[in-house]
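What follows is a set of notes on a single structure, which appears directly below.
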Amino acid sequence: MKANSPNVAAQVQIDLAERSYPIVIGSQLLGSALSYQQLPQAACALVVSNTTVAPLYAAQLMKALQARYAKVLLLSLPDGEIYKDWPTLQLIFDALLQNGCDRKTVLFALGGGVVGDMTGFAAASYMRGVPFVQLPTTLLAQVDSSVGGKTAINHPLGKNMIGAFYQPLLVVCDLDVLATLPMRELSAGLAEVIKYGPIADMTFFDWIEVNLDALLAKDPAALAHAI
Ligand SMILES: NC(=O)c1ccc[n+]([C@@H]2O[C@H](COP(=O)([O-])OP(=O)(O)OC[C@H]3O[C@@H](n4cnc5c(N)ncnc54)[C@H](O)[C@@H]3O)[C@@H](O)[C@H]2O)c1
């Protein structure tokens, strides 16, 4: 296998008629141009990330995107749930407008659920809707927030109060990025995974019980199955 050839462990097609999209799960996906070859052509791509995730993963993503987009921009937002608000959302619109980004511009959400929710809402609103891609980097975002098209920011009077339903074009779950995820965040994602067992699938619940140590050790095969 070549250094950056993608290794797809699973692909799930979300079937929503003309809003259908694939979720690709595997390793070496983020930095591979092949992961993005089905996306629409555009003059510009904007990667939205945060000050924690961007230094770790933005360079490889931007390099891969440069094979497809003439202009690839990076916006690094402050990190934290407290920044899932109007002033920070405005930074995304500022970057798009200051760089003359048109309605074909593709937004890439590189981060956890906070970055995904904000970028998705920005994509739903900018010029009445531009395409966007979810690149979830927490387990919680890979199993939950990047899927289903719920986007939002918080209001001082309530969480996720301002938002839109807006589907991504593609979700890329690269298991490699979970290597740097703090244990606390891994546990938050695992709690979400465990919840699905009793709710929907007791066989899966039994599987989790057997494979919990592998999941906690970030074993790629176990994570790919769970996601
Ligand atoms: N849209 C939905 O359907 C939906 C569903 C569930 C949750 N959410 C939202 O998701 C948010 C929570 O998401 P979260 O748990 O991913 O939190 P988060 O986005 O705040 O990420 C948690 C922390 O991990 C850091 N991080 C992310 N990826 C990393 C990596 N690979 N390596 C090192 N650090 C990394 C982040 O910078 C952050 O500090 C909430 O705002 C919640 O409302 C949305």
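Remark: spin-label model distance ALA17-ASP213 equals 5.0 nm, labels positioned 7 Å along the Cα→Cβ axis. Each of the peptides 88-99, 13-24 was scored by the mean count of other Cβ atoms within 10 Å over its residues; in descending order, highest first, they stand as 88-99, 13-24. Axis angle, to the nearest 10 degrees, between helix 54-65 and the longest C-alpha principal axis of the chain: 70 degrees. Computed from Cα positions, the angle between helix 113-125 and the longest principal axis of the chain comes to roughly 40 degrees. As a length-normalised measure over Cα pairs under 8 Å and 6 or more apart, the relative contact order of the chain settles at 19 percent. The ranking of LYS84, LYS218, LYS159 by Cβ neighbour count inside 10 Å, starting from the fewest, reads LYS159, LYS218, LYS84.
Which of the residue pairs LYS63/LYS218; LYS63/LYS195; LYS63/LYS84; LYS63/LYS159; LYS71/LYS195 have a Cα-Cα distance greater than 31 Å in the structure shown? Where the Cα-Cα span goes over 31 Å, the pairs concerned are LYS63/LYS195; LYS63/LYS159; LYS71/LYS195. Helix 183-200 and the longest principal axis of the Cα set of the chain meet at an angle near 70°.
Calculated over the range 67-209, the projected area of the Cα convex hull averaged across directions stands at 10.0 nm².
Each other residue within a Cβ distance under 14 Å of ASP102 adds +1 if Lys or Arg and -1 if Asp or Glu, for a net charge of +4. Spacing of the modelled spin labels on MET183 and ILE162, each 7 Å from Cα toward Cβ, amounts to 3.9 nm.
Residue exposure proxy: TYR196, TYR166, ordered by other Cβ atoms within 10 angstrom of their Cβ from fewest to most, comes out as TYR196, TYR166. Put in line by how crowded their Cβ is, counting other Cβ atoms within 10 Å and starting with the fewest, HIS225, HIS155 read HIS155, HIS225.
Here, each number is a calculation from the coordinates, and none is a lab measurement. These numbers come from a predicted model, not from an experiment. Don't worry about glycine lacking a Cβ; one is built from the backbone with ideal geometry, like all the others, and counts go over all protein chains shown.
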